[in-house]
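See below for the structure under consideration.
Where a number appears in this text, it was derived from the coordinates with a stated rule and is not lab data. Since the model is a prediction, treat every value here as computed from it, not as a measurement. Here Cβ is always computed from backbone atoms with ideal geometry, including for glycine, and neighbour counts include all displayed protein chains.
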Amino acid sequence: MPVPVPRQRDTPAAESGQAVLPSGSHLTHAATPQPLTLLVIEDDPAGGLTVPEILDADGHRIRLRTARNLTEATRLLTPDVHCILLDLSLPRPGAAVRTPAAVSGTPAAASAAGAAGTGAAPSVDELTALREVLRIAPRHAVLVLTAEADAERAAEAVRVGAQDFLFRDELDGRLLSRAIRYAVERKRADIAQYKLAESRLRAQENARLERGLLPTPLLEGSDLRFAARYHAGRSRALLGGDFYDTVRTPDGTVHAMIGDVCGHGPDEAALGVELRIAWRALTLAGLCGDELLATLQEVLEVERPCEEIFATLCTVDISPDGRRAGLCLAGHPAPLISRPGRAARLLPYENSGPALGLLPKARWPRKQVDLGGTWSLMLYTDGLIEGRIGEGRERLGQDGMVEMINRHLAEGLRGERLLEAAVTEARRLNGGELTDDVAVVLLDRAAG
């Protein structure tokens, strides 16, 4: 039996037994355990729009509340509202109040009422009220109600953004119940599709940005071969807190570095990029060794989000003849060197300085090392050596990494293939993805 739409009471939703959901969550779950709530927006001075009793898919009565204008609708649009039923006969915002004659259902009466109330022809945009509803309720399903003679306007309402339309003369409980459920599900699907498209666009933009932030080595004129592998610990990220770079200065010296900002979130990734760019600029400006690291520490102290953030760093400057190098370590593991006919080993370094950002006015001594004629030098971050071995708590460590690299060298792997094999095996030994960022840089020189 048809029943009038009840007016909203002043009783809070929680007191009336309505489940109040967090803001924006009314369409985020596949199933809605609590009864659906329908907000009817109508202005019928003839006595109130009559809506039949409606039930949801589980047989529960769909709760109804009503508003006579958009101001009331805004107040009643609480998070537990799932669907809005808008009467397209609602006056445009700011228009004169309609008379009973204006709602007689005939286009002539409506036109006369509009002309009498405003003293001019009606607005060309007859969907102003709908557009306003879509603006104030972008995440709610919306149904529009109109006379059968206004079928063209009803179809236009769907094109504007409503989920469906209903004719006033055909309104019954079964039809309305089905339309509400359909509208809610369609809106949920639309939001999910929009979020998916937005997520894909954001991922593409982030990927382009992060690829652009990875360095391009500047080695023109050098006989050194360069290879690198980078793996961010963050899910679906290309850039983490690890950073590296390689440049050749006009005097023929090749400078390489690798570093690691503690943590592997977006803030650490941004700081790593800043430190890398600062290192390149300072290196090309002629700074080296302790002076360069001290300046980088100043950059870190200014740019880091909190005082607890620090960064480790390894810098190598290779002489123009390629036979010697200067090495500085700031809390970073020593590079690994391999030569023909010898097992790969870590470069000896006893006086490593502290990580950047830990001690003010720290010093970082520079050690001279002999490389020889033919060699491979591998710089890496601790993400490669801190992965677990099997299910226990044991880590790969530097000794395990050296043994792994020697095994791959014995198999004839060099360059890109060597780095790929090393990172792949570290992940396999860890039993899955490494949780920390991993960066590995390889510089090779063949005697000529």
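Normalise the Cα radius of gyration of region 215-445 by 2.2 N^0.38 Å (N = residues in it) and let me know the number.
Values: Rg = 16.7 Å, N = 231, 2.2 N^0.38 = 17.4 Å.
Ratio of Cα Rg to 2.2 N^0.38 Å: 0.96.
Taking Cβ atoms as reference points and 13 Å as the exclusive limit, the residues near residue 421 contribute a net charge of +2, counting Lys and Arg as +1 and Asp and Glu as -1.
From the alpha carbon centroid of region 161-205 to that of region 249-314 is 51 Å.
Among the GluC sites (Glu not before Pro) within region 261-339, which fall in a DSSP loop and have no more than 10 other Cβ atoms within 10 Å of their own Cβ?
When the GluC sites (Glu not before Pro) of region 261-339 are filtered for loop state and at most 10 Cβ neighbours within 10 Å, 307, 308 remain.
Across region 351-448, what fraction of all alpha-carbon pairs, as a whole percent, falls in each successive 5 Å bin from zero upward? Percent of Cα pairs in each bin: 2, 11, 18, 19, 17, 14, 11, 6, 1, 0. Peptides 140-147, 181-188 ranked from most to least packed by the mean count of surrounding Cβ atoms within 10 Å: 140-147, 181-188. Taken over the alpha carbons of region 220-273 as equal point scatterers, the Debye sum produces base-10 log I(q)/I(0) values at 0.16 Å⁻¹ of -0.56.
Please compute the net charge surrounding residue 296, taking Lys and Arg as +1 and Asp and Glu as -1 over other residues with Cβ under 15 Å from its Cβ.
Numbers: positive: 276, 280, 304, 361, 363, 366; negative: 245, 260, 274, 290, 291, 298, 301, 303, 317.
Result for the neighbourhood of residue 296: -3.
Near residue 387: Cβ cut-off under 13 Å, other residues only, Lys/Arg at +1 and Asp/Glu at -1. The net charge is -3. When you filter the GluC sites (Glu not before Pro) in region 347-448 for DSSP loop state and at most 14 other Cβ atoms inside 10 Å of their Cβ, you are left with 350, 391, 394, 411, 433.
Remark on region 328-376: Rg and Dmax equal 13.4, 44 Å (Cα only). Computed over the alpha carbons of region 352-393, Rg followed by Dmax gives 16.3, 42 Å.
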